[in-house]
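Derivation of every value follows stated rules applied to the coordinates shown; laboratory data play no part. From a predicted model like this one, the values you see are computed outputs, not experimental measurements. Ideal geometry is used to build each Cβ from the backbone, glycine not excepted, and the neighbour counts take in all protein chains shown.
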Amino acid sequence: MSEQPFNGNANKPGEAQQKNEVSNLALHDKEMRDIAEPYEFPGAGPKWFYLFVVVSLVIAAFYLGRHMGKLDASAHIGFLEKGAQTVAAEASSPAAAAPAGDTIFTGKCASCHQATGQGVPGVFPPLVKSEYVLGNPDRLISIILRGLSGPVEVEGATYNGVMPAWAGQMNDQEVLAVINYIRTRLGENKAEEIKLEDVSRVRKETDGRAEPWTAEALKAEYS
Ligand code: HEC
């Protein structure tokens, strides 16, 4: 049988149709192959990365759980207990709830007279071994309440500065506490304590004094 150039052979229509269909299917096959496979969006990243993140989180959570300590209120119990103990100690001591003299000293006096109470040569007189601190209690209370200015001799050196009055900044309890601190516990100072009544009395006695004391005026008043 000679070759047919075309599919127009009317004698074998079925065969021709079959051929056509086969070639059409083949075409479709090709077409189907050309359609891209569904693929993951590149931005989503590789799977091993997600695995890595999850494993890291698990390890981190485990680590924190083991080593972080506690994040609950019991962490403060140490402080609360300490506070309660201090309060109890203060309540049972004679000066109930009295402010701490050393704290007041650090906050209000040490900037000039220094934490050691040694002062600064030529500028701020020392409180340690000072006759003004260890001597006449009324005079000392008076200096703290009303201030001091002008030339004053302390421990053999002369100072000429101004010390502010503290009457407006401290109540009698606080004045008492800081004075008892500098008289009995600062450096080598060992004088007797003063009493709250003394502070109240001196405050009244010096009520009208608007100017700071001078060394002269102190001498005349409290010889
Ligand atoms: C701003 C600086 C300053 C501060 C703060 C200060 N003082 Fe003074 N104080 C002085 C100066 C300056 C003198 C000397 C004044 C003069 O030259 O007349 C002095 C003198 C004194 C004196 C008599 C002199 C002596 O050395 O004994 C006493 C006591 C004293 N101060 C106690 C205190 C106490 C207690 C406090 C805290 C409550 C305090 N001062 C805070 C500057 C200060």
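Between Lys129 and Asp29, the contour length at 0.36 nm per residue exceeds the Cα-Cα span by 25.0 nm. Scaled against the 2.2 N^0.38 Å expected of a compact globular protein of N residues, the Cα radius of gyration of region 101-221 reads 0.95. Put simply, the amide H of Trp213, placed in the peptide plane, has neighbours under 5 Å in Gly147, Leu148, Ser149, leaving out anything fewer than 5 places away on its chain. Spin-label pair Trp48-Glu211: with each label point 7 Å from Cα along the Cα-Cβ axis, the two points sit 9.0 nm from one another.
Once backbone amide H atoms are built at 1.01 Å from N, Glu155 has Glu131 as its partners under 5 Å, excluding neighbours fewer than 5 places away on the same chain.
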